[in-house]
1. What trypsin sites (Lys or Arg not before Pro) does the range 1-63 have in DSSP loop regions with at most 10 other beta carbons within 10 Å?
2. Pulled fully out, how much extra length does the chain show between THR51 and GLN13, if you take 0.36 nm times their separation in residues and subtract their Cα-Cα distance?
3. Taking all protein chains as present, what is the carbon and sulfur share of the accessible area of the chain, in % to the nearest whole number, probe 1.4 Å?
4. Over the chain, with the other protein chains present, what is the accessible area per residue in square angstrom, probe 1.4 angstrom?
Amino acid sequence: MKANPATTAFGRQIAEAKARHPGMLLLFRIGDFYELFGEDAEKVSATCGLTLSRRSDMPMAGFPQHVLEMYLRKLL
């Protein structure tokens, strides 16, 4: 049986933040990386050429924090 991301504390945190900020990309700083999850990960991976992976059945993509400005230019 696969885990439902919405049933985890982190999955709920993502869903709540997305509900408060519809239409916005949500980047999480996790260690030395900025990570995106769900639809955000799918959109940004296609736009920026990032590898799309999955964790607990949730799409995710990310990039190192030291290249944030480069990716922000692409996303804006």
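The values are calculated or read from the model by the stated rules, or taken from the named source; none is laboratory data. Given the structure is predicted, the values throughout are model-derived calculations rather than measurements. Ideal geometry is used to build each Cβ from the backbone, glycine not excepted, and the neighbour counts take in all protein chains shown. Areas reflect the complete protein model, heavy atoms only, side chains present, ligands, DNA and RNA absent. Shrake-Rupley method; radii C 1.70, N 1.55, O 1.52, S 1.80 Å.
1. When the trypsin sites (Lys or Arg not before Pro) of the range 1-63 are filtered for loop state and at most 10 Cβ neighbours within 10 Å, LYS2 remain.
2. Length gained between THR51 and GLN13: 11.4 nm.
3. In the chain, the share of accessible area belonging to carbon and sulfur is 55 percent.
4. For the chain, the per-residue accessible area is 70 Å².
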